[in-house]
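Here is the structure we will look at, set down as structure tokens.
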Amino acid sequence: MTTTSLATPKPGGGARVRVQRFGTFLSGMVMPNIPAFIAWGIITAFFIQTGWTPNGLLGGFGTTNGVANPGLVGPIITWLIPLLIAAQGGRMVYGIRGAVVGTVMTMGVIVGSLGTTMILGAMICGPLGGYLIKQIDRIWENKIKAGFEMLVNNFSAGILGFGLALVGFFWLSPFFDWIATILGDGVKFLVNAHLLPLASVFIEPAKVVFLNNAINHGVLDQLGAQQVQQSGKSILFLLEANPGPGVGLLLAFMFFGVGIARATAPGAIIIQFFGGIHEIYFPYVLSKPMLLLSVIAGGATGVATNVAFQSGLVAPASPGSIFAVIFETAKDSYVGVILSVILSAAVSFLITAVILRASRKRDLAAEAAGENALATAVAQNAANKGRESRVGDLLGTGTATAIASKVQSIVFACDAGMGSSAMGATVLRNKIKQAGIEGVTVVNKAIANLTDDADIVITQEQLTERARQKTPSAQHYSVDNFMSSTKYDEVVSDVAARNS
């Protein structure tokens, strides 16, 4: 782990950072609502006509007293999940008022688009409604007479919600229907032309550079949910979540890697395969960009296997753990899904092994020269490379003040705020407790939810520039390998020094 300088931040970002930020925002709407997807997936797996225990009353088929059963499956994916996502999106933009207006706007879109799952519409209308009420409130900010605040606030949000619901019903719902049709037709074309495995050419590199959330949550979840309603399962939930390519790559490092990459691979396998934190293998790929071929080939193999067996999941597997994948597997898909994980891991392992064996002499020479490819790989796209020592930080502009101040809050941030950040926060929390340091809170957050009131922010180097933009006043640490937990001692040492 290396600390980033607190000197004048360098301009950075560009198009990729903007897309990352967009993807992070999308995941910030969806990830808190993944439990709703899981609940819906369980209900679907058990109660639809092709489920484990078909039940017309709950599954939404057949009639009761001559009336068609609505069931739970349809209403949850049609109404509940989009409204939850819309509320979260509006809340992220403008708190509870944004959540209310964004949800009302989304309701108009849902009612106008009955028959089409409006997850994509919710991801747009929720934040849009929050943004619009925020702008409305700014018009008469500090201009309302005392005693009229509640009246103005309630009626402004209500009237705006009324108008946006009509806009959603009459104009936006046909637009989102059109988008959904185009995306669905695109997936059908890829399936019918046996080209769906080619999706891995885009998805696997996107994962490594943290651009997968826009694809996964913005497109695949919605299309997958529609397929589940039609056929009870969807292969689309496995395009990104398959843990096979990552575990195959890490296994190859465990047997054929050198130095710290080989030493940390076994622990990384446990975290990636069982914990579902795919970010753990990104630095290994970035240390040798040619290894993108490994994960692409592994991912394509997994997709091709699921296509051949017509297998799929009933809901998103999040996090991408083998446990989550098996839990969400459709009743008739266990053979295909398990084989897809095994074969994708095997292909990724073989290609990675060949690449590592071919470069072994160079890697050993670089290690002997003191180079650490794994530690430097994830800094490629960061505005600040994060290679300065603590001495360099102390000499940087404004750093002495930051380090001299007492530490009260530490935030470990990652893209979605639930995977690697939770793991890192747990490690740090335990080490700070063991060091006898009191009065310091350690939490994990998504980068999109960072506020500039943290004393220390810890991220993976790929994400440090985005975290710096959200928390310019904090001291930033960049983690180059989540498994090197002993490196967290540097943070503990700094905290102890500052708090003493």
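Would you check if L26 is surrounded by 15 or more Cβ atoms within 10 Å (Cβ to Cβ), at pLDDT below 85 and part of a loop (DSSP other than H, G, I, E, B)?
Working: surrounded by 15 or more Cβ atoms within 10 Å (Cβ to Cβ): yes; at pLDDT below 85: yes; part of a loop (DSSP other than H, G, I, E, B): no.
Taking the combined requirement at face value, the residue does not satisfy it.
Among the numbered conditions (1) in a helix (DSSP H, G or I); (2) touching a strand residue (DSSP E or B) at 6+ places or on another chain (Cβ under 9 Å); (3) not hydroxyl-bearing (S, T, Y), tell me where C125 comes up short.
(2)
List pairs: first in region 167-196 and of a type in the set (S, T, Y), second part of a helix (DSSP H, G or I), Cβ under 7 Å, 6+ apart or cross-chain?
S173/V109; S173/G112
Any idea which of (1) outside the structural domain of R357 (by TED's automatic domain parsing); (2) free of Cβ contacts under 8 Å to residues at least 40 places away in the same chain; (3) surrounded by fewer than 17 Cβ atoms within 10 Å (Cβ to Cβ) is the one I270 doesn't satisfy?
Of (1) outside the structural domain of R357 (by TED's automatic domain parsing); (2) free of Cβ contacts under 8 Å to residues at least 40 places away in the same chain; (3) surrounded by fewer than 17 Cβ atoms within 10 Å (Cβ to Cβ), only one is false for I270: (1).
Please go through region 228-245 and give me each residue that is over 19 Å from G299 (Cβ atoms) and either in contact with a His (Cβ under 7 Å, 6 or more places away or on another chain) or in a helix (DSSP H, G or I) (or both), ordered by number.
Of everything in region 228-245, those that are over 19 Å from G299 (Cβ atoms) and either in contact with a His (Cβ under 7 Å, 6 or more places away or on another chain) or in a helix (DSSP H, G or I) (or both) turn out to be V228, Q229, Q230, S231.
Right, K134: part of a helix (DSSP H, G or I) and among the basic types (K, R) or not? Let's see the steps before the verdict.
Working: part of a helix (DSSP H, G or I): yes; among the basic types (K, R): yes.
Taking the combined requirement at face value, the residue satisfies it.
Yes or no: T117 buried (at least 24 other Cβ atoms within 10 Å of the Cβ) and under 15 Å from I77 (Cβ atoms)? Don't jump to the end; show me each part of the working.
On the way: buried (at least 24 other Cβ atoms within 10 Å of the Cβ): yes; under 15 Å from I77 (Cβ atoms): yes.
Yes, satisfied.
Examine region 90-109 for a residue that is without any contact (Cβ under 8 Å) to a residue 12 or more places away in the chain, surrounded by fewer than 23 Cβ atoms within 10 Å (Cβ to Cβ), charged (D, E, K, R) and part of a helix (DSSP H, G or I), and state whether such a residue exists.
no
The values are calculated or read from the model by the stated rules, or taken from the named source; none is laboratory data. Source: prediction; values computed, not measured. With ideal geometry, Cβ positions are generated from the backbone for all residues, glycine too; neighbour counts draw on all protein chains shown.
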